[in-house]
Each structure stands twice: as structure tokens, then as C-alpha cells.
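**Student:** One structure, pasted below without further comment.
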Amino acid sequence: MEGFFIVGGNALEGEININPAKNSLLPILACSILIDGEVELKSVPLYKDVLVMCDIIRHLGGKASFKNNNLYIDCRDMDKDCLPHELASPVRSSIFMLGAIIGKMGRAKVAYPGGCDIGLRPIDLHLKGVRDLGAKVIEKNGYIYADGRNLAPRDVLLSFPSVGATENLMMLALSIKGQTRLLNPAREPEIVDLQSFINSCGGKVRGAGSDMIVIDGGKKLHETSFKAIPDRIETGTYIIATAMCGGRVKINNVIPSHNNSLISKLSKTTCKIQINDDSIIVESDGHVKSFGEVETAVYPGFPTDLQAQMTALGAVSEGCSIVIENVFEARNKHIAELIKMGCDIKSKNGVIVINGKDKIYGADVVAPDLRGGASLVLAGLRAEGYTTIENISLIDRGYFKLEEKLSSIGGNIKRLEIIKNRC
Ligand code: UD1
């Protein structure tokens, strides 16, 4: 089994470039099945979740291949409408395929999605929206069966601005002639990016990023060449890493405003952040003051995908920090692992109380999920002694060659075969 081996204590110095966003690429890949032509996606990292989406596309009868770091998708010959359990269960984003498959094939049979173990993660909002747009949906034996013969445009109100449900419904609405309006949609930058992708193919979607998205569906969508926005969670992870380890890192190819909520929290600490047009420079002595309190929320609030990393920062900051997780009820499994490293953290009902310590210690830990795993990497880089992290395939779902990037700025981290029993 592969793991990370980290020797903590190095400051981080240098420059890194941020990759296109995983959470933009996944819905764009789902949407690609609706495009009547080849889709070129530029500079796509081999995130594990992206590779699973490529397998799904191939299973459905489409083509997906990498050439010179670009990913090419062609679904003109797609001929299947069934997504089996073994392909749907590794990732949450398989559910994004529901709207696109109904739109393309007129019907769909899709197994329930999987993804990180961070809470119940129901799909009721996806199914309600699909039904609102006229599909007949039956849930049976672990599958969602949808019949799209009576699809019709209309206003769909989301009772909560779910990211995935918004993306699913945007895609389904593309194949319905007439105007669909999504009310109270998610406003994350990845939703705006999906709109940009669709419009680059000749689609007519507007309003993404606001409280209403208007989709004029039924248009033929043509080939495109597109580059997804920089990954704001990868950006935030490196910002927090530098704050924790100390040093000076220039993070290139970013959209700084996408990280406003994090930057405004860190500006309350002793960490210095300089914002340029498309880069951020972080400087820290590795002994920052507490950021106080932070609560996760939908965009533009503080992202739940940076909660675990922020908890790790609080654990080595001076004073008490409080992190409140409002989005996923069970996103807390990293806490037990951080405690093994000497962190003083208590958690109840989504409220995480952290008493910062100047010294934490390396330990053998297990990545519980993608972002929780990232928080353990950051803690390992800051800790005294060495840390091994198991289960890093979960981290590979959303960080591409994390160890190479961190090594390039001075982190002492290697990918190794884990051999158990270090005594
Ligand atoms: C997406 C991101 C994920 C991020 C999350 C919140 C991708 C691939 N994943 O996940 O990294 O953490 O947004 O920013 O883009 N909910 C329901 N019913 C539904 C759908 C969601 O109750 O039908 C609940 C969820 O359980 C959760 C909350 O709504 O508590 C937010 O979920 P949602 O915005 O849908 O997140 P995802 O699309 O799964």
C-alpha cells in the first residue's frame, strides 16, 4: 500500500502553480456527453476522480483520451444509458451524469453515487429537480431509473443551494427546449465555470453566480477547447501549509478572489498575504496567532473543503481557535488522527474547539477522506519527527502529485510503500 512519509520541520520557500479545479472538471466531463463534437480540456491533471469519470464516459460508449496533458472527450457515438454500481460508487460526481444521460438518451439507469465519507450525502434535491423538469423517476435495487419522455422547461426552486444538484439540473435543462430557471442555485465559482463551458459550446446560459440561473435549452452544442478555473481548494491548501510551516511561497495561476474568505481569516493572524492579479504570496514565521472562529458555509462563505486544513492550522496557532462545520455533518474524522499527532482538539455537533500548541509530533496516521488527508499532510510537515500517512489514494482523488509540489518548495515528503510495524 502506498503512503506518504514526511519528516516535519522544514519551512516552505519558492513558487508553485495551481492546477485546473477538480470540482470544475468533474461536472464539465459529465456535460461533455451532451456535446456534438470533440471537447478539448486543457492541462488536465490526472486526479483519480477525473480518471473515474473518463472510465464512466468510455463505459457509456464515448471516447476519452489524454494527449500532451490535454483531455479529449467525444461522445457522439455514446449508446448506453446505464451507469452500474462499480463505476458510480467510487465518486460523488457520478450523480452529475444523471441529468446529462437523460438529456442525451431520453432515459437513464444510474447507480447511487459514492464519494468521501463525510456525512449522509443524500441526493433528494437532485431527484426532486429532475422530477420537477418532468422526468419520471423510480428508485429500485440501488438504482435510479429516469424516464425523460415528458421533460418540460419550468422554474425549479432548490430548497438548499446544492452544488451537485445545481450542476445536474443545468445539464438536464440544456436538452429541454425552452427556458428553465433555477431559483436559489449554488453560486460556487465552479457553477460559473460550467456556464462558461456550456456557452463556449454555443449554449445559452446566464446568471450563474447569482440567485437565479436561466437556461435556454434545446440548442445544438458544438465542439470546444476549454480550460477550467484554477483549483481554489488546492490554492487554499498551500496558503494554509505556508502559514503553518513558515517560509515564503508564491502561488501562481490563481483567481485570488475565489479565496477571499480564507484570506480575510488569515489576515487576522500574524501571517502576511500579498494579493496580485493572478498570484498570492504567503509569508509566515510558522508561529501564527489564532484566526479566531470560522464557520463553513456555501460560497462566498468559508469552504467546507478547507475545514480540515484550517483545523490543522488552529492546532499549531497561538491561542484558541474554533471551527464550525455547517455543511457536512460527519466531516470530522481527521480530528482523531490529528489528536494522535499531539493536537489538542475537541469536537461536538460540528463545533471544533482547538487549543493551539507550538509543538506537535509525527505519528502513523490514516487519511480518512480527501481533504482530511490533506490536513494530515500539513500537520506532518509542521510536526516534530516523522509521520506516515496511509490511504493516500483518497488524497490522490483531488491533489495531483501533491508530494512533488510540496518537495519543490522544501517540504520533506515522499511517496513510499508502507511497511507496517515501525517498532
Ligand atoms: C460539492 C463538491 C464538494 C464540496 C461540496 C460543498 C464536487 C464534486 N464536490 O459536493 O467538494 O464539499 O460541493 O461545497 O463538486 N444535500 C442534500 N441533498 C441533496 C444534495 C445535497 O441534503 O440532494 C446536502 C449534502 O448532504 C450536504 C449539503 O447539501 O450537507 C451540500 O452538498 P452539495 O452542495 O450538494 O455538495 P456536493 O455537490 O456533494
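**Student:** Could you say whether any residue in the stretch 305-324 is in a loop (DSSP other than H, G, I, E, B), within 19 Å of the chain's Cα centre (by Cα) and over 24 Å from V365 (Cα atoms)?
**Tutor:** no
**Student:** For the stretch 112-143, name all the residues that are more than 16 Å from the ligand (Cβ to nearest atom) and out of contact with any Lys or Arg (no Cβ under 9 Å at 6 or more places or on another chain). Don't jump to the end; show me each part of the working.
**Tutor:** First, the residues of the stretch 112-143 that are more than 16 Å from the ligand (Cβ to nearest atom): 134, 136, 138, 140-143.
Within the stretch 112-143, I138, K140, N141, G142 meet the criteria.
**Student:** Taking the stretch 391-423 as the search range and keeping residues that are farther than 16 Å from M244 by Cβ and part of a strand (DSSP E or B), which one is nearest to the ligand (Cβ to nearest atom)?
**Tutor:** Among residues in the stretch 391-423 that are farther than 16 Å from M244 by Cβ and part of a strand (DSSP E or B), the one nearest to the ligand (Cβ to nearest atom) is R415.
**Student:** Here is a follow-up. Which residue is surrounded by the most Cβ atoms within 10 Å (Cβ to Cβ), if the candidates are limited to the stretch 219-243 and must be part of a loop (DSSP other than H, G, I, E, B) and away from the ligand (no atom under 16 Å from the Cβ)? It would help to see each step written out before you state the result.
**Tutor:** Initially, the stretch 219-243 is screened for residues part of a loop (DSSP other than H, G, I, E, B), giving 219-223, 227-229, 231.
Subset that is away from the ligand (no atom under 16 Å from the Cβ): 219-223, 227.
Values: K219: 16, K220: 11, L221: 21, H222: 14, E223: 15, K227: 16.
Residue satisfying both the conditions and the ranking: L221.
**Student:** Being open to solvent by 30 Å² or more (accessible area, probe 1.4 Å), more than 18 Å from G314 (Cα to Cα), out of contact with any helix residue (DSSP H, G or I) (no Cβ under 6 Å at 6 or more places or on another chain) and of a type in the set (V, I, T) is the filter here; which residues of the stretch 244-293 pass it?
**Tutor:** If the condition is that a residue be open to solvent by 30 Å² or more (accessible area, probe 1.4 Å), more than 18 Å from G314 (Cα to Cα), out of contact with any helix residue (DSSP H, G or I) (no Cβ under 6 Å at 6 or more places or on another chain) and of a type in the set (V, I, T), then I255 is the only one that fits.
**Student:** Checking the condition modelled with pLDDT under 95 and under 18 Å from R397 (Cα atoms), which residue from S24, S89 passes?
**Tutor:** S89
**Student:** Which strands (runs of 3 or more DSSP E) does the stretch 1-55 wholly contain that include 1 or more residues that are closer than 29 Å to R248 by Cα and more than 16 Å from the ligand (Cβ to nearest atom)?
**Tutor:** It comes to 2-7, 12-17.
**Student:** Can you say whether E329 is assigned to a strand (DSSP E or B) and of a type outside the set (S, T, N, Q), as far as the supplied structure shows? Don't jump to the end; show me each part of the working.
**Tutor:** Values: assigned to a strand (DSSP E or B): no; of a type outside the set (S, T, N, Q): yes.
In short, no.
**Student:** Being surrounded by 24 or more Cβ atoms within 10 Å (Cβ to Cβ) and away from the ligand (no atom under 16 Å from the Cβ) is the filter here; which residues of the stretch 355-390 pass it?
**Tutor:** Listed by number, the residues that qualify are I360, V365, L376, V377, L378, A379, G380, L381, R382, A383, T387, I389.
**Student:** Out of all the residues in the stretch 146-162, is one or more touching a Cys at 6+ places or on another chain (Cβ under 9 Å), in the same structural domain as F197 (by TED's automatic domain parsing), within 16 Å of the ligand (Cβ to nearest atom) and not aromatic (F, W, Y)?
**Tutor:** Looking for residues that are touching a Cys at 6+ places or on another chain (Cβ under 9 Å), in the same structural domain as F197 (by TED's automatic domain parsing), within 16 Å of the ligand (Cβ to nearest atom) and not aromatic (F, W, Y), one finds none in the stretch 146-162, hence no.
**Student:** Same structure again: Of these, L306, L313, L338, which one is within 14 Å of the ligand (Cβ to nearest atom) and closer than 11 Å to S375 by Cβ?
**Tutor:** L306
**Student:** For the stretch 87-95, check the following and say yes or no: at least one residue is near the ligand (Cβ under 9 Å from one of its atoms), within 21 Å of A186 (Cβ to Cβ) and assigned to a loop (DSSP other than H, G, I, E, B). Walk me through it before giving the result.
**Tutor:** At the first step, the residues of the stretch 87-95 found to be near the ligand (Cβ under 9 Å from one of its atoms) are 91-93, 95.
Filter once more, so that each one left must be within 21 Å of A186 (Cβ to Cβ): 91-93, 95.
With the extra rule that they be assigned to a loop (DSSP other than H, G, I, E, B), the set shrinks to 91.
Yes: the stretch 87-95 contains one or more residues that are near the ligand (Cβ under 9 Å from one of its atoms), within 21 Å of A186 (Cβ to Cβ) and assigned to a loop (DSSP other than H, G, I, E, B).
**Student:** Got a number for residues in the stretch 31-46 being surrounded by fewer than 23 Cβ atoms within 10 Å (Cβ to Cβ) and farther than 22 Å from M170 by Cα?
**Tutor:** Residues in the stretch 31-46 being surrounded by fewer than 23 Cβ atoms within 10 Å (Cβ to Cβ) and farther than 22 Å from M170 by Cα: 4 in total.
The values are calculated or read from the model by the stated rules, or taken from the named source; none is laboratory data. These numbers were taken from a predicted model, which means no experiment stands behind them. Because the Cβ atoms are built from the backbone with ideal geometry, glycine has one as well, and the counts that use them run over all protein chains shown. For the accessible areas, the whole protein counts, side chains as well, though only heavy atoms, and no ligand, DNA or RNA atoms are used. Shrake-Rupley method; radii C 1.70, N 1.55, O 1.52, S 1.80 Å.
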